[in-house]
Amino acid sequence: MKKSIYLVLLADPEFEDKNLNLIHFAQINFENEDLNAVVVAPSDQGIEEKYGETGLNEIDILAYSQFSKINLAQTASVLSDYFVSQAHSLILFANDKGTTSIATRLGAALKENVITQANQLTMTTTGLQAQKKVQAGTMLQQTVLTAAAKAVITCDVTGINDRITTNTTATITVKTAGELVVADDVTYADLPVKANDLENAKIVVAGGRGMQGPAGFELLQKLADQLHGALGASRVAVNNGWVDESTMVGQTGKVVAPDLYIAVGISGALQHTVGMDQSKCIIAINTDPTAPIFKLADYGIIGDGETVVKRLLSELSTPVPS
């Protein structure tokens with residue numbers, strides 16, 4: 001018996017990659033199922049072009065003029081009104097802080113199971129098995145649902161980068177969601193200070209024991225700024241007081257998955273690598289050619305971190321001949 005599976009896509013420009021990754025994630029995990037999507041957007045403009053030929057069966061567009069990704073309660077309410085009258089078994093979101101909040105609110109409103117951060121979904125003869133990483137990625141947790149059970153699931157789409165396009169165009173229906181009255185007077189404002197947005201950075205420059213002190217991390221910060229990236233650090237560097245705790249990557253720090261991760265003077269202990277091993281490309285710089293980080297790296301440079309970083313900064317500041 002086929003499942004009625006819906007993907008929730010949020011029409012936020014910053015969320016487009018995750019939407020496409022979610023579609024491919026669902027295609028990998030439910031290759032024999034028809035996949036439908038509901039797109040919450042301010043209007044239907046551009047939706048067909050973005051998602052019409054991605055292998056989806058049907059797409060419903062909830063044209064909701066008040067839509068904003070940060071209006072979590074309102075978005076959950078719009079989706080709840082939609083799914084109450086829409087036959088479904090599974091509702092999938094790409095996992096992040098905002099969608100997790102929307103998904104949990106939606107699950108509560110629909111009185112359905114909620115599973116977060118699933119990295120694998122498997123259909124069995126008796127129902128659905130959902131897998132997620134726990135204990136900083138060192139263990140796997142399995143959740144089994146019966147065939148009749150409904151669930152709202154946020155999916156870990158880290159590392160799902162391929163795109164599937166087809167010659168088949170999805171059936172697209174535009175539905176206008178009713179306007180909602182804001183329950184209370186909530187306003188949002190940008191923080192006045194610049195944050196090191198490590199978890200969302202496309203490029204991370206991280207340092208470890210090999211940077212030898214605060215001066216080494218000042219150098220790494222310059223490289224991160226040049227590359228429009230964020231600064232990261234190993235636990236040793238943080239414990240030594242060379243850099244702020246907010247930069248720590250690893251089992252007891254933050255988990256990142258940037259397009260490029262530059263590890264400078266980091267040996268590659270498991271405590272650190274569980275926080276960055278999903279990076280698309282890893283460059284390791286270390287004086288020790290036997291350092292474990294080289295086994296994980298796509299590219300390796302054997303050399304002193306400070307010397308190599310200074311050379312990189314020099315190259316980046318050199319004008320390209322016209």
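The values are calculated or read from the model by the stated rules, or taken from the named source; none is laboratory data. Here the structure is a predicted model, which means the values were calculated and not measured. Note that we place each Cβ from the backbone using ideal geometry, even for glycine, and neighbour counts take in every protein chain shown. Side chains are part of the model used for accessible areas, which takes the heavy atoms of the whole protein and leaves out ligands, DNA and RNA. Shrake-Rupley method; radii C 1.70, N 1.55, O 1.52, S 1.80 Å.
Structure data summary
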quantity: Relative contact order computed over the chain (Cα-Cα under 8 Å; 6+ residues apart), in percent; calculated: 14
quantity: For the chain, with +1 on Lys and Arg beta carbons and -1 on Asp and Glu, the positive-most of A11, A224, N119 along the dipole; calculated: N119
quantity: Average Cα contact separation per residue, region 198-315, under 8 Å, 6 or more apart, as relative contact order %; calculated: 26
quantity: Surface/4 of the Cα convex hull for region 5-176, nm²; calculated: 9.6
quantity: 5 Å-binned pair-distance histogram of region 198-315 (Cα, whole percent); calculated: 2, 14, 26, 28, 22, 7, 0
quantity: Per residue, in Å², the accessible surface of the chain once ligands and nucleic acids are set aside, probe 1.4 Å; calculated: 52
quantity: Helix 72-84 axis, angle to the chain major axis (alpha carbon atoms, nearest 10°); calculated: 40
quantity: Amide H partners (placed H, <5 Å) of L7, local residues excluded; calculated: N36, A37, V38, L92
quantity: Cβ-placed point charges (K, R +1; D, E -1), dipole of region 213-276 about Cα centre in debye, nearest 20; calculated: 140
quantity: Cα-based convex hull, the chain, per residue volume (Å³, whole number); calculated: 177
quantity: Solvent-accessible area, 1.4 Å probe, carbon plus sulfur percent, for the chain; calculated: 50
quantity: C-alpha long axis of helix 97-110 to longest principal axis of the chain, angle in °; calculated: 20
quantity: Given 14 as the ceiling on other Cβ atoms within 10 Å, longest exposed-site-free region of the chain for GluC sites (Glu not before Pro) in DSSP loops; calculated: 32-178
